[in-house]
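Report on one structure; see the data block that follows.
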Amino acid sequence: MTAAVPGEPADALDGDRVPGRAPGAAATDTLTPVRRAVVFDLDGVIVDSFAVMNEAFALAYKEVVGEGPAPFDEYRRHLGRYFPDIMRIMGLPLEMEEPFVRESYRLAPKVPVFEGVVELLLTLRVRGLKLAVATGKSGPRARSLLEQLGLLPFFAHVLGSDEVPRPKPAPDIVEHALRLLDVTADEAVMVGDAPTDLASAQGAGVTAVAALWAVDDTDELLAARPDAVLRRPADLLDLCPPVPGA
């Protein structure tokens with residue numbers, strides 16, 4: 001994998017073009033240079049929660065469904081959506097939510113932050129950008145996790161799927177974040193690691209940015225037609241120069 005060059009726009013993965021973009025075009029060719037806000041997904045972008053999520057899911061499955069392998073790989077393909085919606089899609093009992101949430105709270109101290117994320121958040125704040133989180137988690141659980149990790153003060157708002165009428169892939173959560181941040185759609189970017197994140201951003205008219213540092217199936221994410229592709233957290237700084245007058 002080729003590394004992104006500091007100070008230059010992040011291109012599509014290893015020189016492959018983002019679907020729908022002319023060959024050789026940079027992933028940020030059409031982006032407005034001035035950004036005032038960044039909306040982040042949480043799992044797979046800010047925190048590496050997949051091991052803890054796997055453990056909580058397996059315990060919830062055993063408690064509610066019974067013995068046997070928990071279908072976590074299928075569950076992970078639906079991440080970005082609200083947990084009850086994933087259970088409906090997978091045909092699993094909604095009763096799994098209670099033990100899953102309980103175990104997620106218990107295991108939260110084991111969740112690591114991705115390397116480079118703290119430095120990214122610090123730099124974005126120094127540059128004058130407003131930050132928010134829009135996650136498939138419930139709002140209380142997301143805020144609790146970020147508080148335990150010492151990251152909550154970076155974000156002006158942390159929104160969960162239970163706090164909007166329609167969760168991702170609908171645009172509601174991103175639109176709500178824009179209203180709270182008091183920015184327009186063209187002044188913001190949304191960073192996510194799942195097609196549902198990008199769909200939510202695109203539906204809200206926000207620049208959709210794909211984060212690849214925790215993604216196994218990059219083809220699926222690139223097929224969602226992101227406006228820009230990041231291989232590491234620091235690559236986002238190329239899209240977010242200092243806010244004029246901040």
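The values are calculated or read from the model by the stated rules, or taken from the named source; none is laboratory data. Everything quoted here is computed from the prediction, not taken from an experiment. Neighbour counts run over all protein chains shown; Cβ positions are idealised from the backbone, glycine included. Side chains included, ligands, DNA and RNA excluded: accessible areas come from the protein's heavy atoms. Shrake-Rupley method; radii C 1.70, N 1.55, O 1.52, S 1.80 Å.
Couple of notes before you dig in:
- In the range 102-111, the residues that are surrounded by 15 or more Cβ atoms within 10 Å (Cβ to Cβ) and charged (D, E, K, R): Glu103
- Unmet requirement for Ala58, which otherwise passes all of (1) open to solvent by less than 50 Å² (accessible area, probe 1.4 Å); (2) part of a loop (DSSP other than H, G, I, E, B); (3) more than 16 Å from Lys137 (Cβ to Cβ): (2)
- Condition check for Val39: buried (at least 22 other Cβ atoms within 10 Å of the Cβ), part of a loop (DSSP other than H, G, I, E, B) and at pLDDT 95 or above: no
- Condition check for Pro99: open to solvent by 30 Å² or more (accessible area, probe 1.4 Å) and either within 29 Å of Leu237 (Cβ to Cβ) or part of a helix (DSSP H, G or I) (or both): no
- Of all residues in the range 62-76, those satisfying the criterion of being surrounded by 13 or more Cβ atoms within 10 Å (Cβ to Cβ) and farther than 23 Å from Pro167 by Cα are Lys62, Glu63, Val64, Val65, Ala70.
- Elements of type helices (runs of 4 or more DSSP H) in the range 132-246, at least 1 residues being open to solvent by 30 Å² or more (accessible area, probe 1.4 Å) and either among the aromatic types (Phe, Trp, Tyr) or under 18 Å from Ser104 (Cβ atoms) (or both): 139-148
- Selection from the range 35-91 of residues that are under 27 Å from His157 (Cβ atoms) and among the β-branched types (Val, Ile, Thr): Val38, Val39, Val45, Ile46, Val47, Val52, Ile86
- Among the candidates Leu120, Leu79, Leu94, the residue that is open to solvent by less than 20 Å² (accessible area, probe 1.4 Å) and of a type in the set (A, V, I, L, M, F, W, C) is uniquely Leu120.
- Positions within the range 109-130 being closer than 27 Å to Asp235 by Cα, of a type outside the set (Val, Ile, Thr) and either without any contact (Cβ under 8 Å) to a residue 60 or more places away in the chain or not in a helix (DSSP H, G or I) (or both), in sequence order: Lys110, Pro112, Phe114, Glu115, Gly116, Leu121, Leu122, Arg125, Arg127, Gly128, Leu129, Lys130
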